[in-house]
1. Quick check: residue separation of A:Trp421 and A:Asp156 times 0.36 nm, minus the Cα distance between them. What number comes out in nm?
2. Would you calculate the separation in nanometres between label points at A:Glu37 and A:Glu13, each defined as 7 Å from the Cα along the Cα-to-beta-carbon direction?
3. If all Cα-Cα distances of segment A:67-187 are sorted into 5 Å bins from 0 onward, what percent lands in each bin, rounded to whole numbers?
4. Pairs of Cα atoms under 8 Å, at least six residues apart: use those to get the relative contact order of segment A:159-311, whole percent.
5. Rounded to the nearest 20 Debye, what is the dipole magnitude of segment A:4-104 about its Cα centre when Lys and Arg each give +1 and Asp and Glu each give -1 at the C-beta?
6. Give me A:Glu225, A:Glu287, A:Glu71 sorted ascending by neighbouring Cβ count inside 10 Å, so fewest comes first.
7. Provide the net charge surrounding A:His281, with neighbours chosen by a C-beta distance below 11 Å and charges set as Lys +1, Arg +1, Asp -1, Glu -1.
8. Put +1 on the Cβ of every Lys and Arg and -1 on every Asp and Glu Cβ in chain A; which of A:Ala19, A:Phe263, A:Phe419 then has its Cα farthest towards the positive end of the dipole?
Amino acid sequence: MLELTYLRNQGQEAVDALAKRKINAQDTVASVLQLDEQRRNGQTELDQLLSEANQISKEIGNLFKAGKAQEAQALKQRSTELKEITKQKQAEQEVVKAALESKLVELPNTPYHLVKEGAGEADNEIVKTVGEIPKLEGVAKPHWELTEQYDLISFDLGVKITGAGFPVYMGKGAGLQRALINFFLEENQKQGYKEFIPPHFINAASGFGTGQLPDKEGQMYHMGEDDLYAIPTAEVPITNLFRDEIVNRADLPIQCTAYTPCFRREAGSYGKDVRGLNRLHQFDKVEIVNVCHPDESYALLDKMVEHVEGLLQKLELPYRILRLCGGDMGFTSAMTYDFEVWSAAQERWLEVSSVSNFETFQSNRMKLRFRDENNKTQLCHTLNGSALALPRIVAALLENHQTEKGIKIPSALVPYTRFEWID
RNA sequence: GGAGAGAUGGCAGAGUGGUCGAAUGCGGUAGUCUUGAAAACUAUUGACCUUCACGGGUCCGGGGGUUCGAAUCCCUCUCUCUCCGCCA
């Protein structure tokens, strides 16, 4: 949620920035400002009425004490009258506030100045491409064949017990999964991240805090009986740990990491995009989340990018980094870098990480603040990124590292798998 | 799931219809003292809305009600604790 004061003071700047997403926010911003004005005026009026009512009540109390019941009775009349008026005024205010809130929530985050205008994927900037593309044309098997050949993952068993998009990992397939999770968690800890194991279900307030609700309602699994949502990413429970908190400035940046399964309905996906491990309803991911001072968020974003890069290098995977254009960024993000690894058999890039700075967009919703030098509360910045999402990493590892002997495990990972080959 | 108790400021905890945004203690901050620290002492210390400012307003778990007036009375929801039951 954008900050009201920002829209008040720099409304046009916000509209211009949002144009990078190829959306015209002129009207929405205008009605936000109009409703805000209306709300403030109403509030002033209401406050004056309440002030009068408070004063009269006090006087009545004093009069009763002084034994002047007659005069007190006379004042009661005005008091009752005021009660009616304030009640009505309050109801009006509620309506205005709700309207303001619903308009404000419609607006996505304003892109950072470095973000290029664009409509979608095609307009993303390639920041860099690193590593050698393996030359396996013709002989390379796609991962969905390799997982079957080496008995690593069963998609069919998953279909039987749950449905499509819920794979069953087996043997070295399961071991590889566990090894990657541990590898990522430990690498993250070396960077100063503290590990958490959060709940896998969240309430609606948490979904709202990080921006999944109301925007992505249909993408989450919802358990109606208990009104809980299965987490689409660890970002949600982890960032919401800090909802309604005033954190110590000295504690910033707060760095958290967590492994969780992630659940996504992926309504509307089809075709080669969903083949094998490319897109799943349940998958494993290790996430990093940062809560920091506004001045340091972009430096921290760079640091996160560097860290994720390091992980991909240790896994010996060719990758490229994209800076997303306005139109391809998520609703809540101010700037996002995507990481893609090369899939040698599918011969295409697969997204494995998304690292974003949300600035105050989430913290404003969550009321996540710190105290500045003047002891004033100020919104923190929040950031997060995948470090890393497993399925496509597994797909790329299997495809890129396949040999006639079997699949070679990258040496950095061997201490975790305790096997060097899948054969 | 059944029965009971409870929810007050960063924490602990008083307050049962008016002068209570709320005693007191702890904690935090600043100062005095000290070579330094501790202790002691002094002062200060909630959030939010509104206003250029003075000021005004809201908040005692959430929502509703009674009353001129509610932290305090009533209804309701949520959560926590204790006991019983069930259970990894």
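1. Details: separation 265, 0.36 × 265 = 95.40 nm, distance 2.47 nm.
Separation in residues times 0.36 nm, less the Cα-Cα distance, equals 92.9 nm.
2. A separation of 2.1 nm, rounded to one decimal place.
3. 2, 7, 7, 7, 7, 8, 9, 9, 8, 5, 5, 4, 4, 4, 4, 4, 3, 2, 1, 1, 0
4. Values: 197 pairs, mean separation 41.2, N = 153.
Relative contact order for segment A:159-311 comes out at 27 percent.
5. Here segment A:4-104 has a charge dipole of around 240 debye.
6. On the way: A:Glu225 5, A:Glu287 29, A:Glu71 14.
Neighbour counts put them in this order, fewest first: A:Glu225, A:Glu71, A:Glu287.
7. +2
8. Comparing the listed Cα positions along the dipole, A:Phe263 ranks first.
Only the coordinates and a few stated rules stand behind these numbers; no lab work does. Because the structure is a prediction, the values reported are computed rather than measured. Heads up, the Cβs are rebuilt from the backbone with ideal geometry, glycines too, and the neighbour counts pull from every protein chain shown.
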